[in-house]
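Novice: Below is one structure. I have some questions about it.
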Amino acid sequence: MALTVETKDRYSRQIVLEQIGKAGQERLRKGRAVIVGCGALGCAIANSLARAGVGELRVIDRDVVELNNLQRQQLFDEADIGRPKATAIAEKLAKINSNVRAVPFVVDVNHTNAEDLIIGCDIVLDGTDNMETRFLVNDACVKHGIPWVYGGAVGTSGTAMAIIPGKTPCFRCIVPEIPVAGKLPTCDTVGVLNTAPAMVAAIQSTSAIKLLTGAVLDSVIFTFDVWEHSFSTVKISRRAECICCAKGKFEFLSSERKDIVTQLCGSNAVQITPARLGKISLAELAGRLRELGDVKLGDIVLTFKVDMYELTIFTDARVIISGTSDEKVAKSLYAKYIGS
């Protein structure tokens, strides 16, 4: 199919690239990408792929825009505060490039819908903020043979890795099990420099463009620290004993691996019991949370008050979140302050 005059003009700087050309631009037009998570990574990825001319973008997020998002989530402005992120992004993308079909999904990605959300697409991009969803996406993509690009940013550092089922290691080759809740820092507990997710998203978007235009992606994991100006790529190999890509067991697509979320009768509170229980260091967690709210540390429980909410955190990573009966709000608070 010949490129139109308008298309040639819009994408002229890409078409003259020897890596893309006219054929590559046409392949981008036919491409279908899924972006899971519309935070800092998702905004930057969606912006890049829409401007590059990827034909269909499915944007997925369960949350609404908050004031603190504007520091790093580039497609939002003050008028978007309180609106669903996926809807706001889809509207922005339509204004950026009317030839791109942006489809919003305001849903919580879980074992009941993950496969349906990605089936029929060419690539999935990670814009999430928790490990549970990444393991879920990994299972779904490996099961259906769909490439996906992992990305993560916190503090001043970032990591990215392209996963091609059957060719490269999958995510569980590198991280066999989800770390115990509270072990990993989050953007809410240690902060994030806005250039870090921008860098990760640039790598992820480039990987998507390479794959959609037929280029070969290497089996490497890319890490960097923008503050220290340190960058590295490390070659990685598949693990023969990987439970996902080697043994074909997709545990995270099963309801047995889901967190147990319970509304507590007679109180405005939700209890979250993670699927993988484990010993959590309340002292370490308290150290990260003290700058964000009121913390009271005991031997077996930590109480953390922030805004209108109170989180009661136990040593097995179980949390009671008071101040809401909304499971989505509770899960969002858990991911922000406790991690996956």
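Read-outs: derived from the displayed coordinates by stated rules, not from any lab. In this text, all values refer to a predicted model and were calculated from it rather than measured experimentally. Neighbour counts run over all protein chains shown; Cβ positions are idealised from the backbone, glycine included.
Novice: Please compare each pair in Lys30/Lys95; Lys183/Lys305; Lys183/Lys249; Lys30/Lys331; Lys95/Lys249; Lys22/Lys235 to a cut-off of 30 Å on the Cα-Cα distance and tell me which ones are over it.
Specialist: Numbers: Lys30/Lys95 20 Å; Lys183/Lys305 20 Å; Lys183/Lys249 25 Å; Lys30/Lys331 36 Å; Lys95/Lys249 42 Å; Lys22/Lys235 32 Å.
Over 30 Å Cα-Cα: Lys30/Lys331; Lys95/Lys249; Lys22/Lys235.
Novice: While we're on this one: Quick one: putting +1 on the C-beta of Lys and Arg, -1 on the C-beta of Asp and Glu, what dipole do you get for the chain around its Cα centre, in Debye to the nearest 20? Could the numbers behind the result be given before it?
Specialist: Numbers: 40 positive and 38 negative charges, 214 e Å.
So the magnitude is around 1040 debye.
Novice: With the cut-off at 1.5 for a/c, could you classify the stretch 167-219 from its C-alpha gyration tensor as rounded, prolate or oblate?
Specialist: The shape class here is oblate.
Novice: Want the number for Arg83 to Thr273: 0.36 nm per residue separation, take away the alpha-carbon distance, what's left?
Specialist: Values: separation 190, 0.36 × 190 = 68.40 nm, distance 2.86 nm.
Separation in residues times 0.36 nm, less the Cα-Cα distance, equals 65.5 nm.
Novice: Using a Gaussian network model of the chain whose springs link C-alpha atoms within less than 10 Å, name the residue from Asp126, Asp116, Asp259 with the highest mean-square fluctuation.
Specialist: Top of the fluctuation ranking is Asp116.
Novice: Over the stretch 259-337, what relative contact order in percent results from Cα pairs under 8 Å that are six or more residues apart?
Specialist: Relative contact order here is 32 percent.
Novice: Among Ile45, Pro84, Tyr11, whose Cα projects farthest towards the positive end of the dipole of the stretch 1-152, with charges put on the beta-carbon of Lys, Arg (+1) and Asp, Glu (-1)?
Specialist: Tyr11
Novice: Helix-only mean residue ellipticity at 222 nm, the chain, DSSP H runs n ≥ 4 weighted -39,500 (n - 2.57), per residue, nearest 500. What is it?
Specialist: Estimated from H runs of four or more residues: -9000 deg cm²/dmol.
Novice: Rounded to the nearest 0.05, what FRET efficiency is calculated for Lys95 and Glu241 with R0 set to 45 Å and r the Cβ-Cβ distance?
Specialist: 0.40
Novice: Where nothing but the Cβ of Lys and Arg (+1) and of Asp and Glu (-1) is charged, how large is the charge dipole of the stretch 259-337 around its Cα centre, in debye to the nearest 20?
Specialist: Using only the charged Cβ atoms, the result is roughly 160 debye.
Novice: Spelling out what I want: for every residue of the stretch 104-109, take phi, set θ = phi - 60°, compute 6.51 cos²θ - 1.76 cosθ + 1.60 (Karplus), and round to whole Hz; glycine and proline get x.
Specialist: Per-residue couplings from phi come out as x, 10, 8, 9, 8, 6 Hz.
Novice: Okay, next question. For Leu125, list long-range residues whose amide hydrogen, built 1.01 Å from N in the peptide plane, is under 5 Å from its own amide hydrogen.
Specialist: Residues meeting the criterion, in which the H sits 1.01 Å from N, are Val34, Ile35, Val36, Val149.
Novice: Further question: What is the P(r) of the chain, as percent of Cα-Cα pairs per 20 Å bin from 0?
Specialist: Pair shares across the bins are 30, 58, 11, 0.
Novice: Using a cut-off of 15 Å between beta-carbons, work out the net charge of the residues near Arg101 (Lys and Arg +1, Asp and Glu -1, Arg101 not included).
Specialist: +4
Novice: Shifting gears a bit: What's the extension gain from Asn113 to Lys30 if we count 0.36 nm per residue and subtract their Cα-Cα distance?
Specialist: 27.5 nm
Novice: What does a probe at His229 reach in the stretch 172-215, counting residues whose amide N is under 20 Å from the point 7 Å along Cα→Cβ?
Specialist: It comes to 193-200, nothing else.
Novice: Would you mind pulling out the separation of the Cα centroids of the stretch 103-141 and the stretch 318-340, in Å?
Specialist: 20
Novice: Helices from the chain with mean Kyte-Doolittle at least -0.5 and a Cα length along the axis of 24 Å or more, per DSSP H: which?
Specialist: Helices meeting the span and hydropathy rule in the chain are 195-212.
Novice: Projecting each Cα onto the charge dipole of the stretch 194-258 (Lys/Arg +1, Asp/Glu -1 at the beta carbon, about the Cα centre), which of Ala196, Val234, Gly248 comes out farthest on the positive side?
Specialist: About the Cα centre, the residue reaching furthest to the positive side is Gly248.
Novice: Length gain on complete extension for the stretch Glu291 to Val103, per 0.36 nm per residue less the alpha carbon to alpha carbon distance?
Specialist: 63.9 nm
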